Amino acid sequence: MSWMSRLLVAALCGCIIPSALAADLTVERAEFKQAWSAAHKGDLTALTPYLNELADYPLYPYLRYAYLRATLAQQPAGALQSFLKEQASLPIAEALRQEWLLELANNGDWQTFLAQYQNETTAPLRCAAVSAHLAGGDRQDRDAWVAAAQHLWLAPDSQPPTCKPAFRYLQAHHRITNDMRVQRVQRALQARDYALARQLLPQLNAADRPWARIWLDVAADPAGVLTTIQVPDDPKYQPLLLNGVQLVARTDPARARHLWTELSRRYHFAPDDVQDMQVRLALESAWNLLPDAAHLLARLQRVNDPRVTEWRIRTAMRTGHWQAVLALLPALGPLAAKPEWRYWKARALAATGETDPAAAIYQTLADGMDYYGFLAADRLHLSYAITQEPSRPAPEVLAQLQQRPGLVRARELFYADLYDAANAEWQAATASLSKPANCQAALLAQAWGWYGRAIRSFANAGCWQDLTVNYPLAYDDTLAPRVQALDLNLPWVYGVIRAESVFRPDAVSPAGAIGLMQLMPATGRRVAANLGLVLDSRDALQDPHINLTLGSAYLSRMLKRFNGSEPLATAAYNAGVKRVDSWLPQSGSLPADVWVDTIPYWETRGYVRRVMSEAVIFDWRLHNTSERLSARLGSVSAAPTAVSAAVAQAVVGTAATAAPTPP
């Protein structure tokens, strides 16, 4: 390395604090993106030309961080310690320290690891700490660390690689018993981590392997295996039988009930297990909207399970048994006071001729700016209680806030599309602010176009009910022409965006859905191909223009698939077409409010309510008036009208977001 390169590395590892902020940072922002790319790759040659130009730029420490992180394995401890000390107030310091700890753990440098470790709670570092203490540390505490390692080993899912040294210690010192192995296999099987169970199977004693193999067989083909299974009437085998029936019940409750009847004649299950299974089978019948669900649930009147009461009511709603709804509502206890159940009490009262008590409930609900408030207002033909409370900017406070280094860095990181780092800086910079000051800071985020941040800050600080902030008409340059070309309702599309991501381009769901409209990568690629586009990478879905283009096209297909029904298309966008098809009435039609509130998946049920009510508010934002929610909902027929085979093939079996888990 040349003397110039050494000097540059020293500069990166030293402390250069930005001076005055430039009034216009357009040039620096563009240069930073190029420099970040080079630093992120550890490319010192490409990074070098930017160092002097960006020495005063607020994000200069981030270039140092990115370069050190990319070259972590080659960096001396002193360079890293220097950065951590000098930039201790920045969120990236802790991020780099944790990366360094993992590098030390992977290299088995336990002494340095323990010197830097600060009781982190992430699973990899917790495992690394146990491994470090067993490899060295204070021998007086060895038993405690052995117990910690055993606790980690017994976890029902696969553990991080940093646990391996600790697990090797347990193996070498004979601290893993066969009972522990059996326990871990059973936990893995109950958690449905079958890959881990298969991995552990050879470690069991020969006498225990048949039990585990049978459980794996049941998991692979529960209905088939349970039909012919022959195992001892022993508590050891009963969990696998119960688990197998539950697996069948998820897709075929009627067959599961038949299997359960046969198995309960041959095996002596514990009373609690019998009751739990009866509850599960009845609920699965309700969640699958089977005609005998009401009868099965009614047999569980003495079971103290709120889900049973709830689904007895929902089943009665779907079948129009309003007297039963009124009789069952008091069993909800305090939950009956929620707007949802007050609305359904009013609906039941009205349906049974008690119009005055129903109107009184509707009147109190109609004051709410929410799903049930709008529906109640429709029942009474009242105007919606949509209120706009303008924000009250404080120029002096705003002027001070926009000069705070942490907020400046957050702004620049947001402009650089480094959303995680931007949020970390924002949270650190606003943590000590008063609620009024946080409200002013949120106005800064709104002015920067950081809509999701402004919405969350308003909610957290209890700011004004400013609909221009909480329901922003954002990305209209992309959305307006797309919506017009696709003949979509713009307020409805905005409702989907807000419900999916709260206007966060960087939103990523646990299942992997990405961006403003929360597209799964596979769905994004499929829709892009149909539009003649190429989705270059998964990360491209974080680009608002790309995400909105693909998401609106997919939403349009959902709407066509369901004959223009917004609630059905909304549900399909969340849960998939096949599920929505299975939730349609077998014959005739249902009022859409009934259909929505008997959607089996609680997540989809809440999602549809949220989208449809937020569409009303966005309609008001766009037009100073709103289409009635009841008109938007309409009714739900037994089956959508026929669509072209091409459209059906394009949408069946796909979902924009990952399908919700069953209730």
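Considering only residues in region 357-404 that are in a helix (DSSP H, G or I) and of a type in the set (S, T, N, Q), the one that is farthest from Cys463 (Cα to Cα) turns out to be Gln363.
Every condition in (1) crowded, with 16+ Cβ neighbours inside 10 Å; (2) modelled with pLDDT of 95 or more; (3) within 23 Å of Ala286 (Cα to Cα) holds for Trp602 except the one numbered (1). For region 279-331, a residue qualifies if it is outside any helix (DSSP H, G or I) and either under 23 Å from Arg347 (Cβ atoms) or basic (Lys, Arg) (or both), and the qualifying residues are Leu289, Pro291, Arg299, Arg302, Gly320, His321.
All of Ala437, Ala422, Ala410, Ala445 fail the test of being over 22 Å from Leu548 (Cβ atoms) and surrounded by 19 or more Cβ atoms within 10 Å (Cβ to Cβ), apart from Ala410.
Against the criterion of being assigned to a helix (DSSP H, G or I), of a type outside the set (Val, Ile, Thr), out of contact with any Pro (no Cβ under 7 Å at 6 or more places or on another chain) and not assigned by TED's automatic domain parsing to the domain that holds Glu262, Pro210 qualifies. Candidates Leu196, Leu263, Leu242: the one that is at pLDDT below 95 and in a helix (DSSP H, G or I) is Leu196.
Pairs are defined by a Cβ separation below 8 Å, a sequence spacing of at least 6 or placement on different chains, a first member in region 239-265 that is closer than 20 Å to Ala294 by Cβ, and a second member that is of a type in the set (Ser, Thr, Tyr); the pairs so defined are Pro253/Ser285; Ala254/Ser285; Arg257/Ser285.
Pro405 falls short on exactly one of the conditions (1) farther than 30 Å from Phe32 by Cα; (2) out of contact with any helix residue (DSSP H, G or I) (no Cβ under 7 Å at 6 or more places or on another chain), and that condition is (1).
The values are calculated or read from the model by the stated rules, or taken from the named source; none is laboratory data. Note that the coordinates shown come from a computational prediction; the quantities given were computed from them, not determined experimentally. Methodologically, a virtual Cβ is constructed for each residue, glycine included, from the backbone with ideal geometry; neighbour enumeration extends over all protein chains shown.
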